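Here's the structure we're looking at; comments come further down.
Nothing in this text is a laboratory measurement; each read-out follows from the coordinates by a stated rule. Only a predicted model underlies this, so the values are computations on that prediction, with no experimental measurement involved. Here the Cβ is made from the backbone with ideal geometry for all residues, glycine too, and neighbour counts use every protein chain on show.
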Amino acid sequence: MQYMHTMVRVKDLDESLDFYCNKLGLVEVERMDNEKGRFTLVFLAAPDDVDVAKSERTAMLELTYNWDPEDYDGGRNFGHLAYRVDDIYATCQHLMDNGVTINRPPRDGHMAFVRSPDGISFELLQRGNSREPAEPWASMENTGSW
């Protein structure tokens, strides 16, 4: 397992980038605009982590800016922790066998979400290429929120 990033939602992208980059000193590594989903993702890294962030896509802070205004109450501004795993299916099966609910199953062979006992969302991402879709994951529905 390898730590990848932590995601936080931001209300004002420019104001947030001013804080994180200009004031705190983080460096923008990557930006993605998603027209269909109506959001922008900006990945930041500490100056000493920029090379590894670019080459390995790890050790980053992900800022998620939703284009439609939203109030983030109840901690919704904090999104998730992300970890890369060697086998997404084996990891999810192990978690299920130990009583963990798979909130967003790895239907695509690439990504799943689970929650800690305290409600912290964890994104699990397949290392390398996505695995071929397989049952029971391919037809498993989402459970709860993630």
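Here are the numbers for this structure:
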quantity: Size-normalised alpha-carbon gyration radius of region 1-65, reference 2.2 N^0.38 Å; calculated: 1.08
quantity: Computed [θ] at 222 nm, helices only, for the chain once each DSSP H run of length n ≥ 4 contributes -39500 (n - 2.57); calculated: -4000 deg cm²/dmol
quantity: Where N is the number of residues in region 67-110, Cα Rg divided by 2.2 N^0.38 Å; calculated: 1.55
quantity: Between 0 and 90°, nearest 10: helix 88-97 axis offset from the chain longest Cα axis; calculated: 70 degrees
quantity: Residue range of the chain that is longest and free of GluC sites (Glu not before Pro) which are both DSSP loop and sparsely packed (at most 11 other C-beta within 10 Å); calculated: 71-140
quantity: About the Cα centre, charge dipole magnitude for the chain (Lys/Arg +1, Asp/Glu -1 at Cβ), debye; calculated: 260 debye
quantity: Reference-scaled alpha-carbon Rg (2.2 N^0.38 Å with N residues) for region 93-136; calculated: 1.16
quantity: Whole-angstrom Cα spans of the chain along principal axes, big to small; calculated: 46, 34, 30
quantity: Dipole axis of region 1-92 (+1 Lys, Arg; -1 Asp, Glu on Cβ), positive-most option in Ile88, Ala59, Leu26; calculated: Ile88
